[in-house]
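Worksheet: the structure to be examined is printed underneath.
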Amino acid sequence: MDAHSRRNGQSLYNFGEFTLDVPDRRLTSGVCAVHLTPKTYNVLLALVSRAGHLVTKSELLDRVWPGVFVDEGVLTVYVAALRKAVGDTRESPAYIETVSGSGCRFVATVRHASTAEAARIERSACLDGEVQR
């Protein structure tokens, strides 16, 4: 993604207390980094970029593991890790809803933001600069 696209906010997604910075492949909660494995990050990006819409298991597998045979069960592991990272639960989802037998839907309100807008978002303090959940 070029610098112009980044400045125009096409690369940042805000939801709840989180900001997903696509070119930097980073999730933050306020000023605190939220550690995600590369595949967990890819699952999050696939869901956030289609917020409000069902993302089927097949779509997730194709997007996160392109050209590789992976059992559907692996999605359960990565979605569970993602829920833990954002403090979500399957029973009462604030971010990720499981549609039994079909896939997942990102249910939180997502807004695109420019770098300048992101800088103005109220930041919560953290002790060591990284969120541990």
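Is it fair to say residue 67 is at pLDDT 95 or above, at positive phi and not aliphatic (A, V, I, L, M)? Quick ask: steps written out before the conclusion?
On the way: at pLDDT 95 or above: no; at positive phi: yes; not aliphatic (A, V, I, L, M): yes.
Answer is no for this residue.
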Can you tell me which residue within segment 106-129, out of those that are surrounded by 13 or more Cβ atoms within 10 Å (Cβ to Cβ) and not in a loop (DSSP other than H, G, I, E, B), is modelled with the highest pLDDT?
106
Out of the residues in segment 1-40 meeting the condition of being of a type in the set (Val, Ile, Thr) and farther than 20 Å from residue 63 by Cβ, tell me which one is modelled with the lowest pLDDT.
31
Those residues of segment 74-104 that are touching a Gly at 6+ places or on another chain (Cβ under 9 Å) and more than 16 Å from residue 20 (Cβ to Cβ) come to a total of 1
Within the set of pairs 6 or more residues apart or between chains, which connect a residue that is under 16 Å from residue 96 (Cα atoms) inside segment 16-36 to a residue that is in a loop (DSSP other than H, G, I, E, B) and modelled with pLDDT of 95 or more with Cβ atoms less than 6 Å apart?
16/108; 27/36
Go over the candidates 55, 43 one by one and state the one that is hydrophobic (A, V, I, L, M, F, W, C), out of contact with any Gly (no Cβ under 6 Å at 6 or more places or on another chain) and either at pLDDT below 95 or within 16 Å of residue 20 (Cβ to Cβ) (or both).
43
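The values are calculated or read from the model by the stated rules, or taken from the named source; none is laboratory data. Predicted model, so just to flag it, every value in this text is computed and none were measured. Cβ atoms come from the backbone with ideal geometry, glycine included; neighbour counts cover every protein chain shown.
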